[in-house]
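Report on the following structure.
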Amino acid sequence: MSLLIKNGTIVTASNEFVGDVYVKGEKIEAIGIDLNMPADQVIDATGKYVFPGGVDEHVHYGSFGALLFETSHAAGVGGTTTIVDFAPQDQGVPLLEAIRIQASKANNVASVDYAFHGIIMDPKDSVFDEIEHLPEVGVSSLKLFMAYKGTSFYSDDESILKAMMKAKDVGVTMMVHAENADIINVLQKYYLDQGKTDPVYHYYSRPPIAEEEATNRAIALAKVADCPLFIVHVSVKGAMEAIRSAYEGGFPVYGETCTHYLTLTTDYLAKPNFEGAKYVCSPPLRPQEHLDALWEAVQKGWLVSVGSDHCALVGGYEITKKKGLGNFAKIPNGCPGVQDRMVMLWTYGVCEGKITRQRFVDLFATTPARVVGLYPQKGQIAVGSDADIVIFDPNFKGTITNAESYHGIDYSPFEGFPIKGRPEQVFLRGKLIAKEGKFVAEKGKGRRLTCKPYALCYTYYHKDDK
Ligand code: DUC
Ligand code: ZN
Ligand code: ZN
């Protein structure tokens with residue numbers, strides 16, 4: 001099959017121009033002006049943008065009680081053609097085995113291409129010893145949690161430091177969920193003891209300083225280990241500034257934020273009648289001043305990518321979130337968002353003049369691919385890259401509704417948000433998978449990807465120039 005997309009405005013992380021893209025089979029074979037090779041299909045993209053398919057390097061399919069890969073076609077509908085999932089580890093199960101089990105759940109089920117990060121949930125020396133083998137199974141990143149003390153997600157500083165010391169020897173990117181677990185535990189009890197049980201206390205028990213302190217501590221540990229660091233889901237100004245100042249001081253620390261931290265404030269957590277539970281995720285939604293700081297950071301490159309932290313909990317709001325009625329600390333964490341990342345970032349970022357189209361592509365596709373070692377196969381419109389392409393109609397106007405969401409649960413955190421523009425046609429390796437908000441391909445045709453070690457965070461850190 002061949003495809004010629006003509007006269008679209010092709011946008012990359014560094015420039016844009018009106019031109020043509022020629023796809024042969026699964027790859028982009030030519031980019032230019034007035035290409036005229038014969039093709040099985042010719043699309044006139046006049047007045048449309050042509051973007052690389054999105055790379056969402058922060059999704060949960062299974063971990064935290066989220067639905068598995070059956071609903072991953074939601075990503076494709078929203079213009080994301082690659083997802084990188086956090087593979088959960090059960091107690092007693094070796095890290096590599098946990099990844100193998102998670103991969104078997106995605107096989108023939110995932111509808112976009114996929115790769116994995118490891119998560120250490122059983123921190124001990126035998127597991128740290130497995131880190132050196134992650135690149136052999138196509139995994140180049142590993143997440144540890146400073147939060148969730150009392151659950152298997154939690155790792156103490158000793159464990160994080162040990163993991164970092166192993167990771168840096170093999171070019172594995174260390175990712176940290178940075179929130180101070182002790183502050184959170186004490187404040188949760190403090191508010192509950194006063195009968196303050198509503199979802200908004202999820203925010204008060206996880207104040208900005210708890211994230212800022214943990215971010216600084218993660219950076220300190222990374223410096224001790226001399227290990228590059230990627231802080232996931234940065235939600236507060238102080239954490240962003242800690243990353244920025246460490247990076248500007250010469251240490252390779254990078255940060256991601258997420259769609260909801262840019263677009264939803266703490267007011268959503270404070271919605272009455274337990275509606276706020278729909279927005280419970282960690283870190284929590286923050287007041288407006290943090291959103292303003294995060295927008296500035298993504299435009300200026302102080303934060304380098306925007307993930308969704310997609311986590312569509314089995315049972316959704318009615319069954320699962322409501323387990324926390326009468327106790328905000330028991331509300332399961334996580335919100336869906338994989339389908340909405342592109343339109344939200346476009347509408348509330350590009351259309352509002354907060355980010356340029358180049359930054360949009362960089363944040364949405366190019367840098368996430370670099371962070372996980374999938375670039376240039378993914379995240380880029382370039383000759384030789386996979387033909388993951390979004391033809392985007394900037395003139396579309398609509399509203400996000402759960403009824404039109406493919407994520408498989410009973411609510412959307414972005415319900416009612418007006419949107420400008422949408423992915424009109426989405427191609428995965430040259431094949432049309434979504435059109436005008438509908439999934440149009442056979443499900444389960446996503447392919448597992450191999451992530452290369454020594455990815456973006458190691459740019460200035462190559463061991464023996466690997
Ligand atoms: N927070 C996480 O750390 N993981 C998944 C969902 C969430 O809200
Ligand atoms: Zn996290
Ligand atoms: Zn997450």
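Of the residues ILE119, ILE183, the single one that is in contact with a Phe, Trp or Tyr (Cβ under 6 Å, 6 or more places away or on another chain) and either modelled with pLDDT of 95 or more or assigned by TED's automatic domain parsing to the domain that holds ALA434 (or both) is ILE119.
The set of residues in the range 340-359 that are open to solvent by 40 Å² or more (accessible area, probe 1.4 Å), farther than 21 Å from PHE17 by Cα and not in a loop (DSSP other than H, G, I, E, B) contains only TYR348.
For (1) within 16 Å of ligand 1 (Cβ to nearest atom); (2) of a type in the set (S, T, N, Q), each residue gets a yes or a no:
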site	(1), (2)
MET165	no, no
HIS177	yes, no
ASN180	yes, yes
TYR191	no, no
TYR204	no, no
PRO207	no, no
GLU211	yes, no
LEU221	no, no
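Going by the structure shown, is GLU211 farther than 14 Å from ASN180 by Cβ, outside any loop (DSSP other than H, G, I, E, B) and assigned by TED's automatic domain parsing to the domain that holds LYS321? Spelling it out, it is not the case that GLU211 is farther than 14 Å from ASN180 by Cβ, outside any loop (DSSP other than H, G, I, E, B) and assigned by TED's automatic domain parsing to the domain that holds LYS321. Assess whether GLU256 counts as being closer than 18 Å to VAL59 by Cα and either within 16 Å of ligand 3 (Cβ to nearest atom) or open to solvent by less than 10 Å² (accessible area, probe 1.4 Å) (or both). Judged against the criteria, GLU256 is a match.
Just for the range 57-76: of the residues that are among the aliphatic types (A, V, I, L, M) and within 16 Å of ligand 2 (Cβ to nearest atom), which one is nearest to ILE120 (Cα to Cα)?
VAL59
Cβ-Cβ contacts under 7 Å between residues 6 or more apart (or on different chains), taken from a first residue in the range 310-335 that is open to solvent by less than 10 Å² (accessible area, probe 1.4 Å) and aromatic (Phe, Trp, Tyr) to a second residue that is at pLDDT 95 or above and not in a helix (DSSP H, G or I), are listed as PHE328/THR197; PHE328/ASP198; PHE328/PRO199. For the residues ASP226, ASP198, ASP193, the requirement of being away from ligand 2 (no atom under 16 Å from the Cβ), open to solvent by 50 Å² or more (accessible area, probe 1.4 Å), closer than 25 Å to LEU134 by Cα and of a type in the set (Asp, Glu) singles out ASP226.
For the range 142-154, a residue qualifies if it is in contact with a helix residue (DSSP H, G or I) (Cβ under 8 Å, 6 or more places away or on another chain), within 12 Å of ligand 2 (Cβ to nearest atom) and either of a type in the set (Val, Ile, Thr) or part of a loop (DSSP other than H, G, I, E, B) (or both), and the qualifying residues are MET146, ALA147, TYR148. Taking the listed residues THR71, THR80, the one that is more than 15 Å from the chain's Cα centre (by Cα) and either assigned by TED's automatic domain parsing to the domain that holds GLY255 or under 30 Å from GLN358 (Cβ atoms) (or both) is THR71, with no other qualifying. Within the range 136-163, residues that are within 15 Å of GLU211 (Cα to Cα) and in contact (Cβ under 8 Å) with a residue 40 or more places away in the chain sit with their Cβ atoms under 8 Å from residues that are outside any helix (DSSP H, G or I) and more than 16 Å from ligand 3 (Cβ to nearest atom), at 6+ positions apart or across chains, in these pairs: MET146/ASN180; ALA147/ASN180. Listed by position, the strands (runs of 3 or more DSSP E) contained in the range 32-131 that have at least 1 residues being open to solvent by less than 10 Å² (accessible area, probe 1.4 Å) and out of contact with any Cys (no Cβ under 8 Å at 6 or more places or on another chain) are 49-52, 54-59, 80-87, 113-119.
Only one of the numbered conditions (1) farther than 20 Å from TRP346 by Cα; (2) touching a Gly at 6+ places or on another chain (Cβ under 8 Å); (3) within 16 Å of ligand 1 (Cβ to nearest atom) is not met by GLU57, and that is (1).
The values are calculated or read from the model by the stated rules, or taken from the named source; none is laboratory data. Keep in mind that what you see is a predicted model, and the values were worked out from it rather than measured. Neighbour counts are summed over all protein chains in view; Cβ atoms, including those assigned to glycine, are modelled from backbone coordinates with ideal geometry. Accessible surface is based on the protein model in full, side chains and every heavy atom, while ligands, DNA and RNA are left aside. Shrake-Rupley method; radii C 1.70, N 1.55, O 1.52, S 1.80 Å.
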